[in-house]
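See structure below.
The values are calculated or read from the model by the stated rules, or taken from the named source; none is laboratory data. What you see is a predicted model; the values in this text were computed from it and never measured. Neighbour counts run over all protein chains shown; Cβ positions are idealised from the backbone, glycine included.
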Amino acid sequence: MNVAVLKYNAGNIHSVIHALDRLGVTPLLTDDIEQLQAADKVIFPGVGEAATTMQYLQQHNLDAVIKGLRQPVLGICLGQQLMCTHSEEGDAGCLGIFDVPVLRFKPDSNEDKVPHMGWNTISCQDQVLFKGFDKDEYVYFVHSYYVPLCPWTAATTEYILPFSASLHRDNFFATQFHPEKSGTAGERILKNFLDI
């Protein structure tokens with residue numbers, strides 16, 4: 001299987017590569033348009049800042065390439081947020097694959113810490129990425145911005161308020177949490193994606 005991991009100015013990409021290696025897949029880390037278009041699966045991971053990352057994608061024509069992909073695509077963390085229409089982080093226009101904005105957490109009390117960091121349960125509604133999940137599972141989050149509940153919500157969690165832990169529309173899948181850092185539950189999610 002030919003799996004491409006999108007190379008751009010974001011952190012945490014190598015954690016995804018190591019997680020795929022553990023599943024027996026050696027991915028190609030690339031920003032080459034032809035290689036991305038030819039891949040069987042594309043993973044769009046990342047830890048970073050929305051506005052500068054979108055600027056990088058636009059300068060390298062990767063924004064149009066991502067939107068035009070027809071194979072299964074998985075956005076992780078910043079990858080999910082950039083698939084939405086707009087992010088409050090840097091007032092950034094994003095890819096618009098999911099017609100929903102990305103908002104900053106607003107703490108309700110002193111106990112609410114931003115960023116949201118650590119293990120939380122997710123409640124799964126979509127059985128593509130979450131095949132084999134029969135109860136709430138713990139996954140690992142690190143983020144200050146969130147995607148509200150919307151028609152494409154595939155899994156939910158709650159921190160300060162309920163939000164989209166995962167999105168799914170056509171061939172585009174996304175998780176706000178990090179499956180590559182989420183133990184056996186995350187490994188199962190990555191395997192489900194590879195099996196699509």
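Across region 60-101, the qualifying residues are those that are of a type in the set (S, T, N, Q) and over 17 Å from P148 (Cα atoms), and the one among them that is modelled with the highest pLDDT is Q71. Within region 72-85, restricting attention to residues that are part of a loop (DSSP other than H, G, I, E, B) and out of contact with any Lys or Arg (no Cβ under 8 Å at 6 or more places or on another chain), the residue that is surrounded by the fewest Cβ atoms within 10 Å (Cβ to Cβ) is T85. Can you say whether S144 is within 14 Å of L161 (Cα to Cα), of a type in the set (S, T, N, Q), without any contact (Cβ under 8 Å) to a residue 40 or more places away in the chain and surrounded by fewer than 16 Cβ atoms within 10 Å (Cβ to Cβ), as far as the supplied structure shows? Spelling it out, it is not the case that S144 is within 14 Å of L161 (Cα to Cα), of a type in the set (S, T, N, Q), without any contact (Cβ under 8 Å) to a residue 40 or more places away in the chain and surrounded by fewer than 16 Cβ atoms within 10 Å (Cβ to Cβ). Show me the strands (runs of 3 or more DSSP E) entirely contained within region 86-184 in which 3 or more residues are of a type in the set (F, W, Y). In region 86-184, 137-143 are the strands (runs of 3 or more DSSP E) which contain 3 or more residues that are of a type in the set (F, W, Y). Taking region 1-71 as the region of interest, the strands (runs of 3 or more DSSP E) fully inside it that hold 2 or more residues being of a type outside the set (A, V, I, L, M) are 41-44. Taking the criterion of being of a type in the set (K, R) and in contact (Cβ under 8 Å) with a residue 60 or more places away in the chain, the only residue of region 104-141 that qualifies is K131.
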